[in-house]
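The values are calculated or read from the model by the stated rules, or taken from the named source; none is laboratory data. This is a predicted model, so every value here is computed, not measured. Quick reminder, even Gly has a Cβ in these numbers, built from the backbone with ideal geometry, and neighbours come from all protein chains shown.
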Amino acid sequence: MLFCALFFEKSKKKSIFARFIPVWRETSKDKIMVTEKSITNATIAEQVVEAETMVNEVVEQPVEVEETPAEEDVVAGCTKEQLLDRLACLLEEEQVQNIRQDVEAVKVAFYKIYRAEADVRRRAFFEEHGEGAEYKPESDASEQRFKELYKIYRERRDAYTAVTERAKEENLQAKLAIIEELKALVGGEETLNATFAKFHELQAAWRAIGQVPQANVKDLWETYNLHVECFYDYVKINKELRDLDWKRNLETKTSLCEQAEALAEAQAVVEAFHKLQKLHDEWRETGPVAPEMKEELWARFKAASAVVNRRHQEYFEAIKAEQVSNFERKSALCERIEALVQEEHSTIKAWNKASQQLLDTQAEWRTIGFAPKRENTRVYDRFRKACNAFFERKRSFYATMKEGMNEALHIKESLCERAEALQNSEDWNATTEALLALQAEWKSAGQVSRRHADEVWKRFRKACDTFFERKAEHFASIDKEYVENLERKRALIEELKSAPTEGCTYEIIKEYQRRWSEIGFVPIKHKERLYAEYKAQLDRLFVAVRGAGREQAMGRFKERVSTMRSSGDKRLRSERERLYNRVRQLEQEIATLENNIGFFSKSKGAEALIADVQQKIERAKREREEVVAKVQLIDSEQ
C-alpha cells in the first residue's frame, strides 16, 4: 500500500513514472513475491512512458478551424416573410442544437431589412412633417412574429443547454465512479484474470460515457490515466496476458493508422478532419502496445494526421484567399457604383441606362461570395450606401421632372383651350398660321406624365383636326368651282380666237375683259398658261383696234396740218417743235426705264416690277413712233 500512497502523492508529476522504482512488500491480505515472471521495474517504466505518450497525444491534437456558415448564402436576397418562414421551418424540422448558426444568419438578415425599412419610414415622416416633429415608430407585425419565434428558439436552446449540462455533470460523476472502481481494483483479492476482465469492463464503460464539463476534462483525464498506470504497475499480469493485450491494442492502433491514411486521400477535407478527431479519441482510449512498436506506430499515425491537418489548413487558406479576391472584386463594384453616382443624367433615357448598369452590377455582386469576416460587413455597407445614393439622386431627378411635367401639362391644357377656340373659325389663312404656331408651342412645352400624355394630346389633336378637316372640305368645294371656272375661261378663249378683227372696238374688248374677270379663279397650276393664251388673243384684238385708231388719228392730224399751213408757217413750225421735243422726252423716258430694269431684277418681287416697266417702255416706244410719224408728215407737206 506504500506504493499506491506514493503514486497518488506524485500524480501531477508525469516524469516521476520514469524514475519510479516500485517497492513491493508484504501486506496483511496478500503476499506478492517478485520472480522472473513478475512484471519488472523496466516493464512498469515502459507502461508509464506509454501512459505519458497517451497524455501527450491529447496536447498534440490540431485545433479545429471554424467553418464559414453556409446559411448566409441561403438567406441572401430573402424578404422578411421568407426569413420568418425559414426560421419557423428550422424550429419545426431541425434539432435545436444544430441550428444556431442558421438562426443567427436569419436574425442578421431580418434586422438588416427591418432597419432599412424603418429608416425609410423615418425619413419619409420627417420629410412630410419637418425635422422638429416627434416621430413614433410604427409597430411591425413581422418583427413581433420574429421575436416570438426567436423566443421559442431561445427557450428550446436554454432547455437543451440545461439538459446537456446536467448530462455532462452526470457523465462526470459516472467517470469519477469508474475512477473509484479502478482504485478498488488495486489490492483486490480477486484472481488476475477476473481483475483484468473487470479492468477492461471499466475501460469500455469509460469510453461509452459522453462528454463532461470542459473545466474538468484535463484533471479527469490525468486522474484516469494515473489510475490506469497504477493498475498496470500494481497487478501482476503474466507476460502472456500482457502480450495478448498489447497485440489487441496493436491491431486497433494499426487500424486507426490505416483509417487516418485513408482520410488523407478523402475529397471532403472538412469531414475528413472531423473524422480524424474521432480517430484521435479512439487512439487515446486504446491501451499501450509493445514498447518497441510504440514510437513507430505513433509516428505513422502522427504522419497521417499531419497530412489531413495540412490539407484542412490549406483548404481554409484557399477559402481565405478566395475571400480576399472577393473583397477586391466587391470593392471594384463599389467604385463602379460610386462613379455612376457622380455622373450627370439629364434625361429619362440616360437614367434608365444608368439604372440598368446598376442592376447589372447588383446582379454581379450576388454572384460573388463572402469577403473576409472583418471586411464583409464594411464592404457591403459601402456598396449599399452607394446604391442608396444613386437611387436618392434618381428620386430627386424624377421629383424635379414631375414638377416640370405638371407645368408642361398646364401649358398644354392652355394650348388645347386656344386650339378649341379656333377650331370653328372660317378665317382659313390666319387660323392655319395660328394653329401651326400653337403646334410649335406644343413641341417646346416639354413632356407630361404618361397618365395624362395621351389624353391631352388627343384633345389638342382633335381641335386641330376639326379645323383642318373643315378647311379641307371648304377648299374641296372651291376646287370644284375652280374647275368649272377653268372650263368657262377656256370657252371664252375659244370665243376670242374666233372673234374677227375687222370692226372690233375698244368696247367689244372691254366686254371680253369684263366677262373674264367675272368668271373668277381657276386652279393655280393652269393660271399662268391660261392667262397667256387669253392675253395673246386679247392683244391680237388690241393690235387691230390700235392700227385702225392710228390711221384715223393720222387722218385727223393731216387735216389739222393742212389747216395750220393755211394759217401760216409759224404755227406749223411751232407744232413741229412741240412734237420734236416730245420725241426727245420719250427717248429719255425709255432710256431711264430700261436702266431701271437692271436694278429691279436684283430686288424682291422683281418679276412684277419688270413686267410693269416693260409695259411702260412699250407704250413709250409706240407713242414715239406715232410722234415721229407726225413730224415726218409735217416735213413732207412743206
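Miscellaneous remarks
- Checked against the criterion of being surrounded by 13 or more Cβ atoms within 10 Å (Cβ to Cβ), in the same structural domain as Leu83 (by TED's automatic domain parsing) and either touching a residue at least 60 places away in the same chain (Cβ under 8 Å) or in a helix (DSSP H, G or I) (or both), the candidates Ala124, Ala116, Ala109 yield just one match: Ala109.
- Filter result (hydroxyl-bearing (Ser, Thr, Tyr), in a helix (DSSP H, G or I) and within 11 Å of Lys394 (Cα to Cα)) within the range 328-362: Ser355
- Residue check, Ala371 of a type in the set (A, V, I, L, M, F, W, C) and assigned to a loop (DSSP other than H, G, I, E, B): yes
- Residue match in the range 340-347 (condition: surrounded by fewer than 16 Cβ atoms within 10 Å (Cβ to Cβ) and either farther than 30 Å from Gly446 by Cα or of a type in the set (A, V, I, L, M) (or both)): no
- The condition (being closer than 30 Å to Leu409 by Cα and among the basic types (Lys, Arg)) is satisfied by just one residue among Lys471, Lys489, Lys497, Lys480: Lys471.
- Failed item, numbered, when Tyr135 is tested on (1) over 28 Å from the mean Cα position of the chain (by Cα); (2) in a helix (DSSP H, G or I); (3) among the hydroxyl-bearing types (Ser, Thr, Tyr): (2)
- In the range 252-279, the residues that are hydroxyl-bearing (Ser, Thr, Tyr) form Cβ pairs under 6 Å with partners that are surrounded by fewer than 21 Cβ atoms within 10 Å (Cβ to Cβ), at six or more places apart or across chains, as follows: Thr252/Thr286.
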